[in-house]
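To start, the structure under review is shown below, and the notes come after it.
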Amino acid sequence: ASAPVSRFTRLRELLQRPDLAFLMEAHSGLSAKIVEEAGFEGIWASGLSMSAALGVRDNNELSWTQVLDMLEYMSDASSLPILVDGDTGYGNFNNFRRFVAKLCDRGIAGVCIEDKIFPKTNSFLGENQPLADIDEFCGKIKAGKDTQSHPDFQIVARVEALIAGRGLEEALKRAHAYADAGADAIVIHSKKSTADEIIEFCREFGDRAPVILIPTKYYRTPTEKLREAGASMIIWANHNLRASIRAMRDTCAALQEHQTLLEVESDVAPLGDVFSLAGSQELEEAEKRYLSAT
Ligand code: SPV
Ligand code: MG
């Protein structure tokens, strides 16, 4: 039998293959398990979701080591490749390469960094966000590629030019520069409600590198159109977090109002699910093997 394919290689293959790939957001060990159970091929460890789940803002209020700890729970909880949202790389090239080294140590398959300034602001907040200098960002990409200890670790460069209102030409210039610097794939991000600028970017950029889309705001665009435009991967970036907010609010409101579990029992996951997701069965079996030796 051949050795199992590493998570690094699996993420690389998702990006390289002709078929469109999908990553689903997770922000905890539990959500990582649910993503895998649903049949997804990979996980997006969203900075926004991990921050929000811990009750802080998406402004690098979490330290990079706290993100690393979260990733360890997620990677222990699932066998899927994880692409982590590395924001701006937590500093300059030096901070980023240390992050890359630690990600490789822990089997995290890839990292996405965006060409903004530390501490970052979420792309959907404010206007005219300042962008990183192109050469400086290229240096960061190179430092990461030179540091990765597995050949298939993926470094994704996220172009924020459209978010910053700097237009298609600037976006293309940056995407080409980042691909030349060694980025394995490009995220082109947009906060428009239509995909026109994204589709135009895909057409112009062609096959230079795999292109990843995050259609949070242009969710009305049929996936088929994004596939036809040549996207390699789509990220559903924050939908487990948002689903959980809605579900928790509904449950809290019902209990606060009615003061009886009868109101919620049929709308929440059975307790048995909690135990089976946690893997209680495995422990029972292990106890038979390891505790009964008399
Ligand atoms: C995230 O999920 O944290 C992202 C995507 O970076 S976005 O929130 O759209 O910036
Ligand atoms: Mg983010």
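Positive end of the dipole of the range 7-244, charges at C-beta (+1 Lys, Arg; -1 Asp, Glu), about the Cα centre: which of Leu168, Asn60, Ile214 has its Cα farthest in that direction? Positive-end residue among those listed: Asn60. Treating cross-link reach as a plain straight distance, find the lysines whose alpha-carbon is under 26 Å from the alpha-carbon of Lys142, omitting any fewer than eight places away in the same chain. List returned: Lys102, Lys116, Lys120, Lys173. Here the gap between Ala286 and Arg220, fully extended at 0.36 nm per residue and compared with their Cα-Cα distance, gives a gain of 18.9 nm. Between the beta carbons of His258 and Asn128, assuming R0 = 45 Å, the FRET efficiency works out to 0.40 to the nearest 0.05. Each Lys and Arg adds +1 at its Cβ and each Asp and Glu adds -1 at its Cβ; summed about the Cα centre, the chain shows a dipole of about 620 debye.
Among Ser31, Ser280, Ser46, a tally of other beta-carbon atoms within 10 Å of each Cβ gives an order, fewest to most, of Ser280, Ser31, Ser46. Counting Lys and Arg as +1 and Asp and Glu as -1 over every other residue whose Cβ lies under 11 Å from the Cβ of Ser6, the net charge comes to +1.
Report, in degrees rounded to the nearest 10, the 0 to 90 angle that the Cα long axis of helix 239-258 makes with the longest principal axis of the chain. The angle comes out near 40 degrees. For Ser149, the shell of other residues with beta-carbons less than 13 Å away shows a net charge of +2, using +1 for Lys and Arg and -1 for Asp and Glu.
How far is helix 134-147 tilted off the main Cα axis of the chain, in degrees rounded to 10, range 0 to 90? Helix 134-147 and the main axis of the chain meet at about 50 degrees.
Straightening the chain between Ser63 and Asp19 buys 12.3 nm, computed as 0.36 nm per residue apart minus the Cα-Cα spacing. Note on the range 184-236 and the range 100-127: Cα centroid distance 19 Å, given to the nearest whole angstrom. With kT/(6 pi eta Rh) evaluated at 25 °C and eta = 0.890 mPa s, and Rh the Kirkwood radius from Cα pairs, the chain diffuses with a coefficient of 121 µm²/s according to Stokes-Einstein. Ser51 sits among other residues whose Cβ lies under 15 Å from its own Cβ, and their net charge, with Lys and Arg +1 and Asp and Glu -1, is -4.
We did not get these values from a lab; they are worked out from the coordinates using the rules stated. A quick note: this is a predicted structure, and the numbers were derived from the prediction, not measured. Heads up, the Cβs are rebuilt from the backbone with ideal geometry, glycines too, and the neighbour counts pull from every protein chain shown.
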